[in-house]
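A quick write-up on the structure given underneath.
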Amino acid sequence: MKIIPLRQADLGEGFQVARALPTKDQRMVGPWCFLDRIGPVALTGGAGMHVAAHPHTCLQTFTWVMEGSILHRDSLGTEQVIHPGQVNLMTAGHGISHTEDTLPGTGNLHAAQLWIALPPEHADMPPRFDHYPRLAQWHQGRQGHLRVTLLAGRFGSEQAPTYVLSPLVGMDITAQDTDDDTLALNPLFEYGVLPLAGDIQVNDAMVSTDQFAYLPAGSQKLTLSLQRKARCLIIGGEPFPNPISMWWNFVGHTRAAVEQAQADWVAHHERFGSVPRAQHRLQAPPIPWIHR
Ligand code: MN
């Protein structure tokens, strides 16, 4: 098991998030190629999270909200508020653009945003958007105090409805009281554990909220110990068969695909459409492997 420190990243307008993926130590966990923990943060005096219109390709954005409400708008015309306990899943495929804004009056914001890379055969699929207002929940743990929400994929006999295109899993575990449990893992999967609240014991290691634990494929089980009110996100999947290129908001299976996406965004190409009523559009920074 590897313990990786989170890094601070800026979403724009000085809004800080903690980034677990990618880091120089770990690029992906299965097809999961990006993981930000947003907050917990108190939004006061009109401050909020406001991400102007920006494009994506060859990935799915996966948003899981614990506190606060976020309005998603995209170039398909979707307008969807996401509340705690819900998942928004945007499949970019060949191209989409979107905005994300916290609603006025949102007191505290705590969320996770992840990206799932699309496999080559689906890289250029048409974009789509899915919202999941309710997900399967159950209790487990030695004392039955761990509330599990299955966010994506399969765990045990449960299957999430979430639309995904690779073998993977995502789940939230919340300790309603101090408890521990041993989870059976899929040995074909690699896994990551991100504490969302409280320090979590993962196997024999304490993992704090500024760290991320990575378990390579081949593990049969995982022991978790959570104090009352502690919470974590677990992601897993089969190691992605091919390396991906990632730059800014683009994923591609070749650098050429990412370069084309960037050129098309700069040229206002129709593949990214436009987000109704969006007033600002993010500028793509120069691609580092070209401009050095
Ligand atoms: Mn986005």
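The values are calculated or read from the model by the stated rules, or taken from the named source; none is laboratory data. Model, not experiment: these values are computed from the prediction. Positions of Cβ are backbone-derived with ideal geometry, glycine not excepted, and every protein chain shown enters the neighbour counts. Please note that ligands, DNA and RNA were not included when accessible areas were found on the heavy atoms of the full protein model with its side chains. Shrake-Rupley method; radii C 1.70, N 1.55, O 1.52, S 1.80 Å.
Number of residues in region 181-218 that are at pLDDT below 95 and farther than 22 Å from Arg37 by Cα: the value is 1. The set of residues in region 120-132 being open to solvent by 60 Å² or more (accessible area, probe 1.4 Å) and assigned to a loop (DSSP other than H, G, I, E, B) consists of Asp124, Pro126. Based on what the data block shows, is Thr57 crowded, with 22+ Cβ neighbours inside 10 Å, touching a residue at least 60 places away in the same chain (Cβ under 8 Å), touching a strand residue (DSSP E or B) at 6+ places or on another chain (Cβ under 6 Å) and among the hydroxyl-bearing types (Ser, Thr, Tyr)? Yes, satisfied. Examine region 69-77 for a residue that is among the acidic types (Asp, Glu), open to solvent by 20 Å² or more (accessible area, probe 1.4 Å) and outside any loop (DSSP other than H, G, I, E, B), and state whether such a residue exists. No. For first residues located in region 224-247 and farther than 18 Å from His110 by Cα, partners that are crowded, with 23+ Cβ neighbours inside 10 Å and charged (D, E, K, R) and lie 6+ apart or on another chain with Cβ distances below 9 Å form the pairs Gly236/Glu190; Gly237/Glu190; Glu238/Glu190; Pro239/Glu190.
Would you point out which residue out of Gly85, Gly153 is open to solvent by 20 Å² or more (accessible area, probe 1.4 Å) and either within 26 Å of Val251 (Cβ to Cβ) or outside any strand (DSSP E or B) (or both)? Going through Gly85, Gly153 in turn, the sole match is Gly85.
Counting only strands (runs of 3 or more DSSP E) that fall entirely inside region 1-53 and contain at least 1 residues that are closer than 23 Å to Val81 by Cβ, the qualifying elements are 16-21, 32-42. Candidates in region 27-41 are the residues that are open to solvent by 20 Å² or more (accessible area, probe 1.4 Å) and more than 16 Å from the ligand (Cβ to nearest atom); of these, the one that is farthest from Asn186 (Cα to Cα) is Val41.
Among the listed residues Met206, Met246, identify the single one that is farther than 19 Å from Trp64 by Cβ, open to solvent by 40 Å² or more (accessible area, probe 1.4 Å), part of a strand (DSSP E or B) and within 16 Å of the ligand (Cβ to nearest atom). Result: Met246 is the single residue among Met206, Met246 that is farther than 19 Å from Trp64 by Cβ, open to solvent by 40 Å² or more (accessible area, probe 1.4 Å), part of a strand (DSSP E or B) and within 16 Å of the ligand (Cβ to nearest atom).
Residues checked against (1) within 30 Å of Pro285 (Cα to Cα); (2) open to solvent by less than 20 Å² (accessible area, probe 1.4 Å):
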{"residue": "Pro187", "(1), (2)": "no, no"}
{"residue": "Gln201", "(1), (2)": "no, no"}
{"residue": "Gly236", "(1), (2)": "no, yes"}
{"residue": "Arg255", "(1), (2)": "yes, no"}
{"residue": "Glu259", "(1), (2)": "yes, no"}
{"residue": "Val266", "(1), (2)": "yes, no"}
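Looking across region 42-74 at every residue that is within 12 Å of the ligand (Cβ to nearest atom) and of a type in the set (Gly, Ala, Ser), the one that is nearest to Leu103 (Cα to Cα) is identified as Ala52.
Out of Ile234, Ile290, I need the residue that is farther than 22 Å from Ser75 by Cβ and over 24 Å from the mean Cα position of the chain (by Cα). Which one?
Ile290
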